[in-house]
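This report concerns only the one structure given below.
The values are calculated or read from the model by the stated rules, or taken from the named source; none is laboratory data. A quick note: this is a predicted structure, and the numbers were derived from the prediction, not measured. Because the Cβ atoms are built from the backbone with ideal geometry, glycine has one as well, and the counts that use them run over all protein chains shown. With ligands, DNA and RNA removed, areas are computed over all heavy atoms of the protein, side chains included. Shrake-Rupley method; radii C 1.70, N 1.55, O 1.52, S 1.80 Å.
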Amino acid sequence: DTEVTQTPKHLVMGMTNKKSLKCEQHMGHRAMYWYKQKAKKPPELMFVYSYEKLSINESVPSRFSPECPNSSLLNLHLHALQPEDSALYLCASSQGWDSEQETQYFGPGTRLLVL
Amino acid sequence: GDSVTQMEGPVTLSEEACLTINCTYTATGYPSLFWYVQYPGEGLQLLLKATKADDKGSNKGFEATYRKETTSFHLEKGSVQVSDSAVYFCALNTGGFKTIFGAGTRLFVKA
């Protein structure tokens, strides 16, 4: 089973709202990722968690706040977003060995619209 | 730094035509190479991968061979279907958590 699930599938929020995106995997992977993808562009890495600790933050604005409650779950908390944050947000996971060449498995994404 | 270059799209083909999407890379180490596919409105799916020189990855009729001498990993399929219409991303990983993606190539297949 190579499935990564994400909820919700679609999300519309105002600039003053607080919302959360959720991601789950049951492959025993110990690394989990958040990516942002704009239309007609490749995914851009935002955060990486390894063994439930934040390993990489690609200088993402603080209005995006990741959380890894356990090895299977990854959340992305959203607050005071801007319209330019509208995008497809993808979660991914991999085995989690930083010294190895990781194969990442992606979820279906959450399509976010900020009004 | 490491990088991936893909042919620009869109590529438009008729059903049952042959497909080649070119991908070349620059890497300091010995990367693993990947092709991901993104169907309209969906996330990325791993299509195939190769981890060392001369390896051939294959899946769903698609193939790509890891060519170290030409630093290439071209995606091929002998007979495309309308259902293959998607965006295809070539990618590499030289170790660790950062995967480098190409810009993506959009494929349209006409019936």
Check your understanding: Which strands (runs of 3 or more DSSP E) sit wholly inside the stretch A:1-89 and have at least 2 residues that are open to solvent by 80 Å² or more (accessible area, probe 1.4 Å) and of a type outside the set (Ser, Thr, Tyr)?
Key -> A:10-13, A:18-25, A:53-57
Check your understanding: Could you give every pair whose Cβ atoms fall below 7 Å, whose first residue belongs to the stretch B:81-100 and is more than 13 Å from B:LEU13 (Cβ to Cβ) and touching a residue at least 40 places away in the same chain (Cβ under 8 Å), and whose second residue is open to solvent by 50 Å² or more (accessible area, probe 1.4 Å) and not charged (D, E, K, R), counting only separations of at least 6 or pairs across chains?
Key -> B:ALA91/B:ILE100; B:LEU92/B:ILE100; B:ASN93/A:GLN101; B:THR94/A:GLN101; B:THR94/B:THR28; B:GLY95/A:SER99; B:GLY95/A:GLN101
Review point. Looking at (1) acidic (Asp, Glu); (2) surrounded by fewer than 18 Cβ atoms within 10 Å (Cβ to Cβ); (3) at the interface with chain B (Cβ under 8 Å from one of its Cβ atoms), which is the only condition A:GLU102 fails?
Key: (2)
Check your understanding: Is one or more of the residues making up the stretch B:42-53 more than 12 Å from chain A (Cβ to nearest Cβ), more than 20 Å from B:LYS110 (Cα to Cα) and modelled with pLDDT under 95?
Key -> yes
Review point. What about A:GLU102, is it of a type outside the set (A, V, I, L, M) and closer than 13 Å to B:THR99 by Cβ?
Key: yes
Review point. For A:LYS19, are the conditions met, namely being touching a Cys at 6+ places or on another chain (Cβ under 8 Å), farther than 19 Å from B:TYR36 by Cα and more than 9 Å from chain B (Cβ to nearest Cβ)?
Key: no
Exercise for review: Only residues that are closer than 17 Å to B:ALA53 by Cα and surrounded by 17 or more Cβ atoms within 10 Å (Cβ to Cβ): list them for the stretch B:3-26, please.
Suggested key: B:VAL4, B:CYS23, B:THR24, B:TYR25
